[in-house]
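Let me begin by presenting the structure, written as structure tokens, before commenting on it.
Any read-out appearing in this document is the output of simple, stated calculations on the displayed coordinates, not a laboratory observation. All of these numbers come straight from a predicted model, not from anything done at the bench. Don't worry about glycine lacking a Cβ; one is built from the backbone with ideal geometry, like all the others, and counts go over all protein chains shown.
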Amino acid sequence: MTGTNKKALRLADALVEDILSTPDREILAEFTDLNGDPRKNSDATRALFEKSVLKVRKARLHAAQAGVAADRIPSPTRKVASIEDARSGLRRALASCPPHVRLTLAARNEDELSDADVLGMLLDLEELGIVAPEDSSGSRS
């Protein structure tokens, strides 16, 4: 370490020691002279911090929602003759599931699902290996 670095470290140590040994009332008085009411300043800083945290959380939520939406888009290689065929395929898949496979009530209530949900569920069931993927002719293997 050079002599300049040692001097800088000693100066920093002395400044820190000076700050730590200063009574709180003196620090608050000096802060008040320079910046106004400390309580208002701390409240404003806290509000800014909370706003920043909320902004980051919202950004993470939007990113997660975009990821889920992108994952739900049916694969372009998937061939479906009609949504009615997809719905009947989902009904067959749900009816043929083994008893140890537990499906949610929403999955069993196929009539209330949107077309995108039906296609997404079929893809999910295929990915899980619960139903066989469609072959190139459009029929289940």
Quiz item: Once phi is turned into θ = phi - 60°, what whole-Hz ³J(HN,Hα) does the Karplus curve with 6.51, -1.76 and 1.60 give for every residue of the range 45-54, x standing for Gly and Pro?
Solution: 5, 4, 5, 5, 4, 5, 5, 5, 4, 4
Practice problem: On each of the three principal axes of the Cα atoms of the range 3-71, give max minus min coordinate, whole Å, ordered largest first. | Solution: 58, 39, 16
Exercise. Subtract the Cα-Cα distance of ILE19 and LYS40 from 0.36 nm times their separation in residues, and report this length gain in nm to one decimal.
Key: 5.3 nm
Quiz item: Among 112-123, 43-54, how do they line up from the highest to the lowest mean number of other beta-carbon atoms within 10 Å?
Solution: 112-123, 43-54
